[in-house]
Amino acid sequence: MIKTVSTTPYKDQKPGTSGLRKKVPVFAQENYAENFIQSIFDNLEGFEGKTLVIGGDGRYYNREVIQKALKMAAAAGFGKVMVGKGGILSTPAASHIIRKYGAFGGIVLSASHNPGGPTEDFGIKYNIGNGGPAPEKITDAIFARTQVIDSYKTLDVADIDLDGIGSFDLAGMVVEVIDPVTDYADLMETLFDFAAIRGLIASGFRVVIDSMSAVTGPYAVEILEKRLGAAKGSVRNEIPLPDFGHHHPDPNLVHAKALYDDVMSPEGPDFGAASDGDGDRNMVVGKGMFVTPSDSLAVIAANATLAPGYASGIAGIARSMPTSAAADRVAEKLGIGMYETPTGWKYFGNLMDAGKVTVCGEESFGTGSSHVREKDGLWAVLFWLNIVAARKESVKDIVTKHWAEYGRNYYSRHDYEEVDTQAANGLVANLRDKLATLPGQTFGDLTVESADDFAYLDPVDGSVSKNQGIRILFKGGSRVVFRLSGTGTSGATLRLYVERYEPDASRHAIETQAALADLIAVADEIAEIKARTGRDAPTVIT
Ligand code: G16
């Protein structure tokens, strides 16, 4: 029943920040998905007879690729595949299932926060046995294999029914279709004080979650409405749809603006949160207070012991380089390790496996901990609810007091999307050329203290990752950072990250863009953003 199919390589299968992401018509080319999946399998050793987890965020083309992956896994010699009902598993749930059942690894089908649909985005990523995204040395090896692949193995059999829970035989391999929600919801119950959150909600504290017609709907309904007693309808857009109901499932101030406006209105709820396509990102909004992802990491770390799962304290904190240094001040106060990594959750895995860090976060609306090896949207929401319930204070009071104690890191990211690739590469090359001459130069009140292209030495395995973003640091702790996104699927996306540290509490209520205006102007002056991209303004400001 196993058949070997001849194929030819596609040149464009290099994984980005988080797996291979392309438009559906690219993935739908003959053998395109098969080539990539076989290239994953060809790089694995010792998986015969072991378990593989497969799940996706339910976006368009999810079901087709899951069927392909199931047959190829059987042909490759896996003993069992655990797959979410309907092909659904949120990314953090997939990570948990891999860990809980000791699977060899997993295939996660998602393009995260990118839109879904017949002409929109799709993605494939491989996660290793610790539940986390494969590290760079594996993704590099997968890419190398895609460049020379000449055949793949599959089965000549009918598709498996994924819409009912149960076990099936696929040419000697067991396919177990599992409930995607229960294991994950049970895990959350072990980490957080559900009784306290239930009490908070019962007291009239109104919580809404916008699942953006993406994967978190069933998880949020089970946890928030069923287990924590929130009113029916507290989870909005709760049914996952292949095109996300035309939502752009990116939880930020642009794409989740309706939720933000609702929470900010006088009659609106007390607390709002949103997740992305595959459930690993989160946005948290309290009445009168949008919490930046960087501040969210810092506040969670500072209050971690209020949650039962973290009552004995956290071992250390990690953040991606462009994420603000707010959490660094918490780590310093707690006397625990602080690690600065390149952008990409995959860099946190080694630190968590080695027990060096418990909590991690990124400016790109990602927060998580060592309970899994992915960032986890609902986990962050529950952590906030746990903190609010324990402190009996509003989100706004909690954040304002945090700033008063540690100082405020004003922070914003400006994205220039779908910029001409050559222009974007030219901008970065020009910046690299300038790096050596920048220190000591002044721009208005700002003096450059140092400038470099960030490189990371992994303290656990000694691997080095270079060219991870250009940093220009000014005297006094302000900085601007430039990088090109590794998750876009058309043209280039230039990201400008801007940060200013303000210790003085009487200056903590300035509007963010105003507080950063001089840095934003200097970033343009140094990088010639407007001239080189032809853009007057960013596409998205978060
Ligand atoms: C992925 C990665 C994150 C990264 C984000 C943005 O998130 O897992 O680590 O911060 O992309 O990356 P970039 O700036 O290169 O676009 P997700 O939610 O898309 O899987």
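The values are calculated or read from the model by the stated rules, or taken from the named source; none is laboratory data. Predicted, not measured: the structure shown is a model, and the values here were computed from it. Every residue, glycine among them, receives a Cβ derived from its backbone with ideal geometry; neighbour counts consider all protein chains shown.
Quick notes
- Which numbered condition Ala258 fails, given (1) surrounded by fewer than 22 Cβ atoms within 10 Å (Cβ to Cβ); (2) touching a residue at least 40 places away in the same chain (Cβ under 8 Å); (3) farther than 26 Å from Ile541 by Cβ: (3)
- Single unsatisfied condition, Thr493 versus (1) more than 30 Å from Val285 (Cα to Cα); (2) in contact with an Asp or Glu (Cβ under 6 Å, 6 or more places away or on another chain): (1)
- Selection of segment 84-133 for residues being charged (D, E, K, R) and over 18 Å from the mean Cα position of the chain (by Cα) yields Lys85, Arg99, Lys100, Glu120.
The rows are residues; the columns are (1) away from the ligand (no atom under 16 Å from the Cβ); (2) in the same structural domain as Ala76 (by TED's automatic domain parsing).
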| residue | (1), (2) |
| --- | --- |
| Phe104 | yes, yes |
| His113 | no, yes |
| Asp121 | no, yes |
| Asn127 | no, yes |
| Gly132 | no, yes |
| Thr139 | no, yes |
| Asp169 | yes, yes |
| Val175 | yes, yes |
| Ile201 | yes, no |
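- Unique match (being surrounded by 20 or more Cβ atoms within 10 Å (Cβ to Cβ), acidic (Asp, Glu) and either on the phi < 0 side of the Ramachandran plot or modelled with pLDDT of 95 or more (or both)) among Asp183, Asp210, Asp169: Asp210
- Selection status of Ile197, crowded, with 23+ Cβ neighbours inside 10 Å, of a type outside the set (Phe, Trp, Tyr) and over 20 Å from Lys85 (Cα atoms): yes
- Only helices (runs of 4 or more DSSP H) whose full extent lies in segment 1-83 are considered here, and the ones with at least 1 residues that are of a type outside the set (S, T, N, Q) and over 28 Å from Ile239 (Cβ atoms) are 32-42, 62-76.
- The helices (runs of 4 or more DSSP H) found entirely in segment 425-542 that carry 2 or more residues being in contact (Cβ under 8 Å) with a residue 24 or more places away in the chain and small (Gly, Ala, Ser) are 517-527.
- Any chance Lys71 is more than 16 Å from the ligand (Cβ to nearest atom), basic (Lys, Arg), in contact with a strand residue (DSSP E or B) (Cβ under 7 Å, 6 or more places away or on another chain) and modelled with pLDDT of 95 or more: yes
- Where a residue in segment 361-385 is within 11 Å of the ligand (Cβ to nearest atom) and its partner, wherever it lies, is of a type in the set (Phe, Trp, Tyr) and not in a helix (DSSP H, G or I), with Cβ under 8 Å and at least six apart: Glu363/Tyr411; Glu363/Tyr497
- Among (1) more than 28 Å from Glu238 (Cα to Cα); (2) in contact with a helix residue (DSSP H, G or I) (Cβ under 7 Å, 6 or more places away or on another chain), the one test that Phe122 misses: (1)
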